[in-house]
Amino acid sequence: TRTPVNVTVTGAAGQIGYALLFRIASGHLLGQDVPVKLRLLEIPQGVKAAEGTAMELDDCAFPLLQGIDIFDDPNKGFEGANIGLLVGARPRGPGMERGDLLAANGGIFKPQGKAINDHAADDVKVLVVGNPANTNALIAQAAAPDVPAERFTAMTRLDHNRALSQLSQKTGVPVSEIKKLTIWGNHSATQYPDIFHATVAGKNAAEVVNDEKWLAEDFIPTVAKRGAAIIDARGASSAASAANAAIDHIYSWVNGTPEGDWVSMGIPSDGSYGVPEGLISSFPVTTKDGKYEIVQGLDINEFSRARIDASVKELEEERAAVRELGLI
Ligand code: NDP
């Protein structure tokens, strides 16, 4: 029998947590042959609700779930963690300036990074979902100098999945036949979903679509603003699809990408495609044996270059702001 994998989830009592935990416990995060132990981290006010969710998890009698523990201390929450899903974050309140938001999140992600550094398993892999995700990941990474930097990642898989779905609807081709789509940059309104290297049923997606106006005025803004559109429609945020994307991100990282396709992940830049080294930016990546690699050698046309540069500029500004606050 395999030893269980310890999965720490922060913000476990929140909306995304509620949609996420049951799928982790049912084997969708790592695979149907991998037992898991859940470590739920909450702020003290969230502990009671997390206990309620844990009762429901018990009541599912998931064969792969070998334990649930609840903590309000990150040092305990991350003890032995093989996977860290950092979901809890401070949302932007009314009238909150960016500096205030970054400072509030520094107060969350810095101690969590330190706790990961000091207590997580040697093979820990971290995904930051809580926004601003890319920069929160940078803060946690900076607080964990003993953990290899590439283990800190940020989620752009929801954007990737949204783009797949939009392109499928435009072309009438099922998502299963769309490959090599890329989200570049920041998980924010400046992100750039790129279809120039994508294929739709084996043909170049940009050529199949052949409509730059649709790309610029419809596709890109629809993908970037999808979260707000869902809040408008359902009166609540896109928690289930965010949880699904977090599952996809880790599953791909651990289990590999299929031959002839890639996924999008926010990862520390090695300078590829002109993205300054160290910024946590979204790239096209392939994965194998628990490691990811940036897809190299893609031609970036002018349309793409301008949009990648704009999103990267925003990431640089966020990095400068957290530097100024002494958070990295
Ligand atoms: P959610 O579970 O809905 O969201 C959590 C975070 O995920 C937010 O930062 C949110 O960003 C982000 N997010 C990323 N993608 C999406 C998406 N597609 N849709 C929605 N959110 C997305 O928040 P809740 O308020 O329901 O729950 C948060 C929980 O975290 C609470 O239980 C709170 O107690 C806890 N918490 C725990 C901390 C800890 O463990 N130390 C620290 C802080 C909070 P955005 O705001 O931009 O939507």
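The values are calculated or read from the model by the stated rules, or taken from the named source; none is laboratory data. The structure presented is a predicted model; accordingly, all values stated were derived computationally and were not measured. Cβ atoms come from the backbone with ideal geometry, glycine included; neighbour counts cover every protein chain shown. When the accessible area is computed, the model is the full protein with side chains, heavy atoms only, and any ligands, DNA or RNA have been set aside. Shrake-Rupley method; radii C 1.70, N 1.55, O 1.52, S 1.80 Å.
At a glance:
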{"item": "Hey, residue 87 within 13 Å of the ligand (Cβ to nearest atom), touching a residue at least 24 places away in the same chain (Cβ under 8 Å) and among the β-branched types (Val, Ile, Thr) or not", "result": "yes"}
{"item": "Tally of residues being of a type in the set (Gly, Ala, Ser) and part of a helix (DSSP H, G or I) across region 278-320", "result": "5"}
{"item": "Options 250, 280, 195, 220: the member that is closer than 29 Å to residue 125 by Cβ, of a type in the set (Val, Ile, Thr), crowded, with 19+ Cβ neighbours inside 10 Å and away from the ligand (no atom under 16 Å from the Cβ)", "result": "195"}
{"item": "Only one of 29, 20, 41 that is away from the ligand (no atom under 14 Å from the Cβ) and open to solvent by less than 30 Å² (accessible area, probe 1.4 Å)", "result": "29"}
{"item": "Failed condition for residue 120, given (1) open to solvent by 30 Å² or more (accessible area, probe 1.4 Å); (2) at pLDDT 95 or above", "result": "(1)"}
{"item": "Sole exception among (1) surrounded by 20 or more Cβ atoms within 10 Å (Cβ to Cβ); (2) away from the ligand (no atom under 16 Å from the Cβ); (3) among the β-branched types (Val, Ile, Thr) for residue 173, by number", "result": "(1)"}
{"item": "Residues within region 52-74 that are surrounded by 15 or more Cβ atoms within 10 Å (Cβ to Cβ) and within 14 Å of the ligand (Cβ to nearest atom), tallied", "result": "7"}
{"item": "Close pairs from region 125-144: first in contact (Cβ under 8 Å) with a residue 24 or more places away in the chain, partner within 11 Å of the ligand (Cβ to nearest atom) and of a type in the set (Val, Ile, Thr), Cβ under 6 Å, at least 6 apart", "result": "129/87; 130/87; 136/128; 137/128"}
{"item": "Index of the failed condition, residue 189 passing every other in (1) within 12 Å of the ligand (Cβ to nearest atom); (2) within 14 Å of the chain's Cα centre (by Cα); (3) under 19 Å from residue 310 (Cα atoms)", "result": "(2)"}
{"item": "Helices (runs of 4 or more DSSP H) wholly inside region 145-232 containing at least 2 residues that are touching a residue at least 60 places away in the same chain (Cβ under 8 Å) and charged (D, E, K, R)", "result": "157-171"}
{"item": "Residue among 105, 134 that alone is within 13 Å of the ligand (Cβ to nearest atom), crowded, with 22+ Cβ neighbours inside 10 Å and under 17 Å from residue 246 (Cα atoms)", "result": "134"}
{"item": "Within region 2-17, considering residues that are closer than 21 Å to residue 113 by Cβ and assigned to a loop (DSSP other than H, G, I, E, B), the one farthest from the ligand (Cβ to nearest atom)", "result": "12"}
{"item": "Identity of the residue in region 8-17, of a type in the set (Gly, Ala, Ser) and open to solvent by less than 30 Å² (accessible area, probe 1.4 Å), that ends up farthest from residue 81 (Cα to Cα)", "result": "14"}
{"item": "Selection within region 253-277 - farther than 22 Å from residue 185 by Cα and within 16 Å of the ligand (Cβ to nearest atom)", "result": "none"}
{"item": "Per-region count, region 111-131, residues part of a helix (DSSP H, G or I) and within 11 Å of the ligand (Cβ to nearest atom)", "result": "3"}
{"item": "Matching residues, region 66-89, being closer than 19 Å to residue 20 by Cβ and within 22 Å of the chain's Cα centre (by Cα)", "result": "74, 77, 78, 81, 82, 83, 84, 85, 86, 87, 88, 89"}
{"item": "Verdict on residue 271 being modelled with pLDDT of 95 or more, open to solvent by less than 50 Å² (accessible area, probe 1.4 Å) and farther than 16 Å from residue 156 by Cα", "result": "yes"}
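Let's see how each residue does on (1) over 20 Å from residue 284 (Cα atoms); (2) modelled with pLDDT of 95 or more; (3) out of contact with any helix residue (DSSP H, G or I) (no Cβ under 9 Å at 6 or more places or on another chain):
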site: 213; (1), (2), (3): yes, yes, yes
site: 229; (1), (2), (3): yes, yes, no
site: 239; (1), (2), (3): yes, yes, no
site: 244; (1), (2), (3): no, yes, no
